[in-house]
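Read the figures in this text as sums done on the coordinates, not as results from a lab. What you see is a predicted model; the values in this text were computed from it and never measured. Every residue, glycine among them, receives a Cβ derived from its backbone with ideal geometry; neighbour counts consider all protein chains shown.
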Amino acid sequence: MRILLAKKAFTIIEVIIAIFILEVGILGVASLFASGFKIIKNARTETIAANLGSGLLDETLANSFDNIPVSTARERYSIEQSDPFYNYEKQIETSYIDAALNNSVTPTQMKKIVVTIYWTVGNQQKTFQIASIKASH
């Protein structure tokens with residue numbers, strides 16, 4: 001008498017379905033990595049812009065009140081293409097303000113300094129702006 005042993009195995013359909021489910025999961029994880037890299041790149045460029053703007057504002061505030069000209073100037077941060085800051089532009093706008101912090105056309109004892117950093121991501125221009133007030137003593 002022979003005893004038939006039942007062999008258990010996966011059918012080809014079960015294997016195909018398992019591979020499909022696994023593939024969907026792997027593609028989902030891969031797309032998260034791609035999104036993460038894009039977010040990290042944007043965060044890096046924004047951090048660079050914030051540091052550049054903060055540094056320019058600090059440099060301007062380090063000058064005496066009389067040595068800060070009332071003007072607006074926008075220029076490329078660096079003229080050398082090999083410089084990592086070449087794609088950034090800076091604008092320093094200085095104006096007189098009155099006691100109510102409104103712009104004044106006549107000289108006062110306070111100046112508002114606004115530093116704006118511009119850069120491009122893809123075809124979209126981004127900006128970072130920081131401001132402060134300097135008073136004469």
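In segment 12-135, if the dipole is taken from +1 on Lys/Arg beta carbons and -1 on Asp/Glu beta carbons about the Cα centre, which of Tyr88, Ile68, Asn103 is farthest to the positive end?
Highest projection toward the positive end goes to Asn103.
Express the relative contact order of the chain as a whole percentage, based on alpha carbon pairs under 8 Å and six or more residues apart in sequence.
Relative contact order comes out at 19 percent.
Once Rh for the chain is found with the Kirkwood sum over Cα pairs, what is the Stokes-Einstein diffusion coefficient at 10 °C and 1.306 mPa s, in µm²/s?
Value of D from the Cα-based Kirkwood radius: 80 µm²/s.
Given labels modelled 7 Å from the Cα in the Cβ direction, how far is it in nm from Ser95 to Phe33?
Result for the modelled spin labels: 5.0 nm.
Taking 0.36 nm per residue of sequence separation and subtracting the Cα-Cα distance, how much length would be gained by fully extending the chain between Arg74 and Lys8, in nm to one decimal?
Full extension of this stretch gives 16.2 nm more.
Step through the table entries Lys38/Lys111; Lys41/Lys112; Lys41/Lys111; Lys38/Lys126; Lys38/Lys134, compare each Cα-Cα distance with 27 Å, and write down the pairs that go over it.
Going by Cα-Cα distance, Lys38/Lys111; Lys41/Lys112; Lys41/Lys111; Lys38/Lys134 fall outside the 27 Å limit.
For Lys126, enumerate residues with amide H under 5 Å from its amide H, sequence gap 5+ or separate chain, H modeled in the peptide plane.
Placed amide hydrogens put Trp119, Thr120, Val121 under 5 Å from Lys126.
Mind putting a number on the dipole of the chain about its Cα centre? Charges go on the C-beta only, +1 for Lys and Arg and -1 for Asp and Glu, and I need it in Debye to the nearest 20.
860 debye
List the equivalent ellipsoid semi-axes of segment 42-94 in whole Å, largest first, each obtained as the square root of 5λ for an eigenvalue λ of the Cα gyration tensor.
That gives 23, 13, 9 Å for the three semi-axes.
Show me the GluC sites (Glu not before Pro) within segment 49-105 that DSSP assigns to loop and that have at most 11 other Cβ atoms within 10 Å of their Cβ.
Glu80
For helix 12-62, what angle does its Cα long axis make with the longest principal axis of the chain, in degrees from 0 to 90 and rounded to 10?
Roughly 10 degrees, rounded to the nearest 10.
Rounded to the nearest 500, what is the chain's calculated 222 nm mean residue ellipticity when only DSSP H runs of at least 4 contribute -39500 (n - 2.57) each, over all residues?
Result for the chain, helices only: -14000 deg cm²/dmol.
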